[in-house]
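Shown next, in structure tokens, is the structure this report addresses.
The values are calculated or read from the model by the stated rules, or taken from the named source; none is laboratory data. The shown structure was predicted, so the numbers you read here are calculated from the model rather than taken from an experiment. Virtual Cβ from ideal backbone geometry, glycine too; neighbours counted across all protein chains shown. Areas reflect the complete protein model, heavy atoms only, side chains present, ligands, DNA and RNA absent. Shrake-Rupley method; radii C 1.70, N 1.55, O 1.52, S 1.80 Å.
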Amino acid sequence: MEAVAEGLWGLSEYHEKRGEIGKAVKCLEAICQSEVSFFPIVEVKTRLRLATLLLHHSHNINHAKSHLERSQLLLKSIPSCFELKCRAYSLLSQCYHLVGAIAPQKQVLHKGLELTASAGYEISMKLWSCNFNSQLANALSIEGDYQGSISVLECGYVCATEVRFPELQMFFATSILHVRLMQWDDDNLVEQAVKKCNEIWESIDPDKRQQCPGLLFYNELLHIFYRLRLCDYKNAAPHVDNLDAAMKVDMQQTQRIQELVKELNALDQSLSRSDLHYRERTALSKKQKMIQEQLQNMTGLSSTGQESLQPVYFGNVRRTIGDKLQLAPPPIDGEWLPKSAVYALVDLIVVVFGRPKGLFKECTKRIQSGMHTIQGELVKLGITDGVREVDLQHSSIWMAGVYLMLLIQFLENKVAIELTRAGFVEAQEALVQMKNWFMRFPTILQACECIIEMLRGQYAHSVGCYNEAAFHFIEAVKLTDSKSMQAMCQVYAAVSYICIGDAESSSQALDLIGPVYGVMDSFVGVREKTGVLFAYGLLLMKQQDLQEARNRLARGLQLTHTYLGNLQLVSQYLTILGSLALALRDTVQAREILRSSLTLAKKLYDIPTQIWVLSVLTALYKELGERGNEMENAEYQTKKLEDLQRRLVDAHASIYHIELIDKVRLEVHQLRDLDIKRAMAGPTMGFNLDIPESMGLSAPLPAPSSSRLVDIDTRKRGKRRI
């Protein structure tokens, strides 16, 4: 009977390689449903194969779970077979994860850990202990038990140390850093986790590092998230370069692997012919073996397709050889994100770093590349036109959420780029796309509602609808628990109120700025501080407290230039400081500052800021009696104003304009709320990479002279200071 089972296993594997999954399943089911009894060990192995097939190729999680539970019952009567018992526990844990049953998942993993502890000090049991600790840490993170997750990961790290496996140590060190970044309640602990990763990575032989692309990507991404949180763009830049270079190398290797697999499949087809001569068959077999060895060296996997017992991955989409960024050796054999998601994330990070510098051409190319990758993966998950949240299989929710969150962040950056260069119609289209995705997947994208409201405010401000802008910024504050996001949206709303220009609006601006200003040193990084210093300096200028305004703005400019490198915000800081210098009769400094600001605004194609700078320069030339410069400047300003006016007319004429600025929140009906929230609760995408740092202050129709910035009537009320 064992020979019959071996034959059916081989036939099942043959059908799986040909993509005939139904037939592969039938072969294995024939063993389980046979009237003739097989040995329990044969049935266990068969059910494990069946469960893995179902998890890899279908959404039939409950059937997979039934096979695994039956395997466990059979294994209870077998005293040894630790390896099979561990495989059953691991796969069953992942089944529970996919159906959202965290409590039974934790129970299974604790049983697995008890088994490995009782099985002695064999290396294989230590490795299985690492597997169970890794999955348990993820389950605890989903529940928000970050400290428990870190404790479990530290146990895994101890196991990895005991077996002297530095790559496995690195896996746990990076996982601990990931949880520390999500929790971030102690700067020193986060910094220690970063240093630990650096120490272990440096201890790994450089040749071995090249064989761990998953760890390389994961480590570099976590370092970038850390530096982004600190607003340390300068020290993040080398990590971005490393990441981008690694992606290009990996893409080339993946292409080579695909070519070899194609060649191997053709050889297999040729060798299946019965009429081949001996000499020809020998030559083809030799070539087949050579290609198989090449593939094994490049991927670390057998090319024979025997992956039937490897752990399952989120999304349940079968991926080809080499299409995985492996984080750790078997039996962990896992990945943080699928390769396509990592590629898209690398594109996104390049955009996040390039956009503040005005590298819009490269950013646009990367946005298109990333969105193209994501849309292809969404189709594989069954997300096509018309598919909504309620239509998704539960097992697809987590992976769909990863890709949808990435898509929203690409669109967010596209909106920011278009608003910077006054592409209002293009910004509308991207913002409407964001809104439509949110309306279709409101629970999965719940965290994005705040971003959409914030961008509606940015759009409204850019086209001169300041009341509407303030409304959307305030709504955004209500939609997030992030203190950072709340602070930035309050600052944006304050700037919009300042641009309205009356005394009541200035008072409202002060009410928003005050609380943020009071706690600005409590934030990690300087983004919030540079924002509130900008708004407060502008308000002080309105109140004619020019010297104090200058001090605040100079400090904010220094921080922006040193840490953020956001050219648009630098340009706007310089424009206000130039206006202040002119108001304080420091014409030499005013000229120098304003010329720098104009250069930056031109580099960014930022027409509103260019017009703003030109209006102040015109006033400067007029005061200095430089009639020629004044006329030339005014002529260029008029040309830019006409260009902006055309863009504004097009924006206001669009069918989307009223829809976007309307003082109404998005109305959505959330379905299957609890299930989807749980599925999305994992730690993987717990980072909001960036929010547009531009204050968006540039008014589309500025006053004819710089005096407009300081002549707001403040006599109707006393000056209020923070």
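Highest mean first, what order results for 98-104, 346-352 on Cβ atoms within 10 Å? Kindly include the intermediate steps, with their values, before the conclusion.
On the way: 98-104: 17.0, 346-352: 24.3.
The densest-packed peptide leads the list: 346-352, 98-104.
Go through the range 117-218 and name the trypsin sites (Lys or Arg not before Pro) that are in a DSSP coil and have 12 or fewer other Cβ atoms within 10 Å of their Cβ.
Working: sites: K126, R164, R180, K195, K196, K208, R209; in loops: R164.
Here the trypsin sites (Lys or Arg not before Pro) that fit, given the DSSP loop and packing criteria, are R164.
Here the scattering of the range 469-517 is modelled by Debye summation over its C-alpha atoms, one equal scatterer each and no solvent; at q = 0.13 Å⁻¹ the log10 of I(q)/I(0) is -0.25. Here is the list for the range 597-650: GluC sites (Glu not before Pro) lying in DSSP coil, each with at most 15 other C-beta atoms within 10 angstrom of its C-beta, are E626. Sequence-distant contacts, meaning Cα pairs under 8 Å at least 6 residues apart, place the relative contact order of the range 389-502 at 20 percent. Computed on the chain, the Cα convex hull volume stands at 179 Å³ per residue. Bridging of K76 to aspartates and glutamates at a Cα separation below 20 Å is possible for E43, E114, once same-chain residues fewer than 8 apart are set aside. The alpha carbon convex hull volume per residue for the range 401-551 rounds to 115 Å³. If the chain linking M182 and M290 were pulled fully straight, counting 0.36 nm for each residue of separation and taking away their Cα-Cα distance, it would gain 34.3 nm. Between the range 532-576 and the range 415-462, the alpha-carbon centres lie 27 Å apart. For the range 395-449, the equivalent ellipsoid derived from the alpha-carbon gyration tensor has semi-axes of 24, 10, 7 Å in decreasing order. Full extension of the chain segment joining Y14 with R646 gains 221.1 nm, where the gain is 0.36 nm per residue of separation less the Cα-Cα distance. Take every pair of alpha-carbon atoms less than 8 Å apart whose residues are at least six positions apart; their mean separation over the length of the range 119-206 yields a relative contact order of 24 percent. The residues of the chain have, on average, 43 Å² of accessible surface per residue, using a 1.4 Å probe with all protein chains present.
Distances between every pair of Cα atoms in the range 517-658, grouped in 10 Å steps from 0 to the bin holding the largest one, split as 12, 35, 31, 18, 3 percent. The alpha-carbon of K639 sits under 25 angstrom from the alpha-carbons of these lysines, leaving out residues fewer than 8 places away in its chain: K361, K602, K603, K622.
Here the chain has 51 percent of its accessible surface on carbon and sulfur atoms, given a 1.4 Å probe and all protein chains in place.
Take the Cα atoms of the range 494-595, build their convex hull, and give its volume per residue in Å³. Walk me through the numbers before you get to the answer.
Working: hull volume 9.4 nm³, N = 102.
Here the figure is 92 Å³ per residue.
Would you please state which residues of the range 529-555 a label at H561 would reach in this model, taking the label point 7 Å out along Cα→Cβ and a backbone N cut-off of under 12 Å? From the range 529-555, the list is 554-555.
Think of each Lys and Arg Cβ as +1 and each Asp and Glu Cβ as -1; about the Cα centre, that makes the dipole of the chain roughly 480 debye. When the C-alpha to C-alpha distance is required to be over 29 Å, the pairs from K339/K663; K17/K324; K85/K287 that qualify are K339/K663; K85/K287. Checking every one of the chymotrypsin sites (Phe, Trp or Tyr not before Pro) in the range 120-213 against DSSP loop status and a limit of 15 other Cβ atoms within 10 Å picks out Y121, W184.
Which value at 222 nm does the chain reach when only helices count, each DSSP H run of 4 or more adding -39,500 (n - 2.57), with the total divided by all residues and rounded to the nearest 500 deg cm²/dmol?
Values: 30 runs with 515 residues, N = 722.
Here the helix-only value at 222 nm equals -24000 deg cm²/dmol.
Modelled this way, with points 7 Å down the Cα-to-C-beta line, the labels at E202 and V664 are 6.0 nm from one another. Go ahead and run the numbers for FRET between A266 and S151, Cβ-Cβ distance against an R0 of 45 Å, rounding to 0.05. Using R0 = 45 Å, I get an efficiency of 0.30.
At a threshold of 8 angstrom on Cα-Cα distance, excluding pairs fewer than six apart, so keeping six or more, what relative contact order does the chain reach in percent? Walk me through the numbers before you get to the answer.
Details: 972 pairs, mean separation 83.8, N = 722.
Relative CO of the chain lands at 12 percent.
Spacing of the modelled spin labels on C81 and K26, each 7 Å from Cα toward Cβ, amounts to 2.8 nm. The simple Förster model, with R0 at 45 Å and r as the Cβ-Cβ distance, assigns N467 and K195 a FRET efficiency of 0.35.
When only alpha carbons are used to place a centre, the range 1-77 and the range 90-114 end up 21 Å from one another.
Candidate cross-link partners of K289 among the lysines, defined by an alpha-carbon separation under 17 Å and a same-chain spacing of 8 or more, comprise K262.
Note on L276/A117: beta-carbon distance plugged into 1/(1 + (r/R0)^6) with R0 of 60 Å gives a FRET efficiency of 0.65.
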